Amino acid sequence: MAVVSPPVTLLPAEAPLANAEVLRIRNDFPILGTEVNGRPLVYLDSGATSQNPVSVLEAEQEFYEQRNAAVHRGAHTLAVEATDAYEAARAAVAGFINARPDELVWTSNATEAINLVAYAMSNAAAGRGGAQAERFRVGPGDTIVVTEMEHHANLIPWQELAARTGAELRFLPVDDEGALRLEGATGVITPATKILAFTHASNVLGTINPVAELVRLAKEVGALTLLDACQSVPHLPVDVKALDVDFLVLSGHKMLGPTGIGALYGRSELLNAMPPFLTGGSMITTVTMERAEYLPAPNRFEAGTQRISQAIALGAAANYLSETGMHRIEAWEGELGARLVEGLTAIEGIRVLGPRAGLPRIGLAAFDVAGVHAHDVGQFLDEQGIAVRVGHHCAQPLHRRLGLTATTRASTYLYNTTDEVDFFLEAVAGVRPFFGAR
Amino acid sequence: MATNLEQLYQQIILDHARERHGSGLLEKTGPGSVGESHQLNPVCGDEITLRTVVDGGTVASLSWDGAGCAISMASASVLTDLMEGLERDEAVRLIDAFREVMRSRGTIPADEEVLGDAAAFSGVSRYPARVKCAMLAWVALEESLLAANS
């Protein structure tokens, strides 16, 4: 009898990813086999948007080819199948972060999810939602707290909420290396604080923030918490119950899904007490010419025809990630991130932002090249097929705090190899000589 | 190194990006009217403040303060060399000529007789994302000439 070695897929889920398996994973992503400027694409911009595996692309196509119908309305067979697929996707994404399906609201993106909460609070402040919406009312004398490292998406909606309601926006500062300074936190997070909104993993620094500590500070003063998990949910196991946050937002296209879909997680009792943001069809029970009654969450926040195919594709993305194993992805990207930071730090004239080599970070490194502007760095790398992000990465206040206007950022995902990181590092070493930087 | 990159970053551009003629805003001392313009590219954060003194229909002096990529800084430097001493109308004509080249996606080569060192930026027009970098100082001059006129 022939001895057949077990297929790689039968390896225990705990086995860490390795280059050999990553090479196999890459075959699931058609775009990774393409060329840019005559060079094989080295995609190191997953922090901006990730690429899609075939299963995600097929899920969207299959929906349009075989099940396309409006969901939660109509009694015909297609409508039932579409609704089933749509709700199965909700269950998949909710399960992916250990939430219940009715705690997961679809949004267009994470930005909309944050705006949803901010506008719901604004509507509560305007008197909507009755007595049960009391927790969400903000006004003069109240504070809204964010951190200095936020993406603009988790800053500007709160600036606007403060401006609309008369509340004050305050922030937790970062130190010269970009780490959150918590020693004065109790002077910022006070009994006047209604909500604390902060990022789980910084899209610029790669830092993973101390969620437990911040949630404890918020709970002590009765403030709500909102976690921006755009850079964490795609890259490490996230459990909303273990994190104990009130709200969490995620972005579909950063976790192998399509654009146009994101989600808001909220504790069930909070979502059902919160006034709606967008209103219209599909979120109501009884409507008269004068007023309307609203459905329970999540539907009360999903007015109008929804992003059905995108939601279904995001469900497929969550399944792809689950099957690969989030602990394994986290470990692999930790390795890639460490290789990035160590390699970059060793190049003369490179300043890496965020935690020093040896300290925990996600697979992402933003850096400044002495004497060369980030745009020129990006152009130089692009010529070699390397895609990175350049600019302020939607975090102008953080860049200003660190004394910079623009940086270059390389960000990895499960499909990147150590060879790609090495190729990138070699290319970066050529930047200053090419531009004659002194 | 790839030829595309060398075509984009010609030596003249790299030199001007380091030397930066006209960098450092000058206070007006002599006669003439002053025009100033601040331009910002929100995509990358490049910015420039450019000051022009127009005296008797001539661009008497030009100075600027800016931060940005090699293309935008070199462009401001080349612009300074090219424009000082020109008739105002001639300056406007050159700005239009430069803009036409930049917007051409590589189809209109710059006339070195007309644009001098600025012809080195021809390669930029093939990179739509970088055209704004090259144009930043030129738009600032265009606006400051209008401001000096009013």
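The values are calculated or read from the model by the stated rules, or taken from the named source; none is laboratory data. Note that the structure is a prediction, hence the values are computed from the model and not measured. Cβ atoms come from the backbone with ideal geometry, glycine included; neighbour counts cover every protein chain shown. Keep in mind that these areas ignore ligands, DNA and RNA; they rest on the heavy atoms of the full protein, side chains included. Shrake-Rupley method; radii C 1.70, N 1.55, O 1.52, S 1.80 Å.
Taking all protein chains as shown and a probe of 1.4 angstrom, residue A:67 keeps an accessible surface of around 60 Å². Roughly how far apart, in whole Å, are the Cα centres of the stretch A:97-129 and the stretch B:22-69? Value for the Cα centre distance between the two parts: 47 Å. Averaged over the residues of peptide B:5-12, the number of Cβ atoms from other protein chains lying within 10 Å of each residue's Cβ is 3. Legend: residues in the stretch A:356-373 shielded by at least 50 square angstrom of accessible surface upon adding the remaining protein chains to the isolated chain (1.4 Å probe, heavy atoms) are A:373. With both residues required to sit in chain A, DSSP beta bridges show an antiparallel share near 60%. Accessible area per residue was computed with a 1.4 Å probe on protein heavy atoms; residue B:18 scores about 80 Å².
Just to be sure I understand: if you take the accessible area of chain A alone plus chain B alone and subtract the pair, with a 1.4 Å probe, what total do you get in Å², rounded to 100? Kindly include the intermediate steps, with their values, before the conclusion.
Working: alone 18210 and 7490 Å², together 24160 Å².
Buried surface at the A/B interface: approximately 1500 Å².
Here the stretch A:65-204 has 51 percent of its accessible surface on carbon and sulfur atoms, given a 1.4 Å probe and all protein chains in place. Counts of other chain beta carbons within 10 angstrom of each beta carbon in peptide A:376-384 average 5.
What residues of the stretch A:400-438 lose no less than 50 Å² of accessible area with every protein chain in place versus their chain by itself (probe 1.4 Å, heavy atoms only)? Flagged in the stretch A:400-438: A:434, A:435. Other protein chain C-beta atoms within 10 Å of residue C-beta, averaged over B:41-50: 4.
Per residue, the stretch B:4-149 exposes 44 Å² of solvent-accessible protein surface, assessed with a 1.4 angstrom probe and all protein chains in place. Span-like helix check, chain B: qualifying full DSSP H segments, with Cα axial length of 20 Å or more and mean Kyte-Doolittle of -1.0 or more, are B:88-102, B:128-149. Within the accessible area of the stretch B:4-149, the carbon and sulfur atoms contribute 48%, probe 1.4 Å, all protein chains present. For chain A, hydrophobic long helices are taken as DSSP H runs at least 27 Å long by C-alpha position along their axis with mean Kyte-Doolittle hydropathy of -1.0 or more; these are A:77-96, A:326-345. Projecting each Cα onto the charge dipole of the protein assembly as shown (Lys/Arg +1, Asp/Glu -1 at the beta carbon, about the Cα centre), which of B:137, A:436, B:60 comes out farthest on the positive side? Result: B:137, furthest along the dipole toward the positive end.
Residues A:420, A:65, A:330, ordered by accessible area of protein heavy atoms at a 1.4 angstrom probe radius and largest first, appear as A:65, A:330, A:420.
Peptides B:109-121, A:72-84 ordered by packing proxy, namely the average of other Cβ atoms within 10 Å per residue, highest first: B:109-121, A:72-84. Look at the dipole of chain A built from charges on Cβ: of A:403, A:193, A:215, the Cα furthest out on the positive end belongs to A:193.
For the protein assembly as shown, the tally of Lys pairs with Cα-Cα distances below 25 Å comes to 4, considering only residues 8 or more apart or on different chains. Relative to the compact-globule estimate of 2.2 N^0.38 Å, the Cα radius of gyration of chain B comes out at 0.99.
Legend: residues A:400, A:361, sorted from most to least accessible area (1.4 Å probe; ligands, DNA and RNA excluded), read A:400, A:361.
Using the 1.4 Å probe convention, the accessible area of chain A works out to 40 Å² per residue with neighbouring protein chains retained. Solvent-accessible surface, computed for protein heavy atoms with a probe of 1.4 Å, shrinks by 10 Å² or more for the following residues of the stretch B:117-141 when the other protein chains are added to the isolated chain: B:127, B:130.
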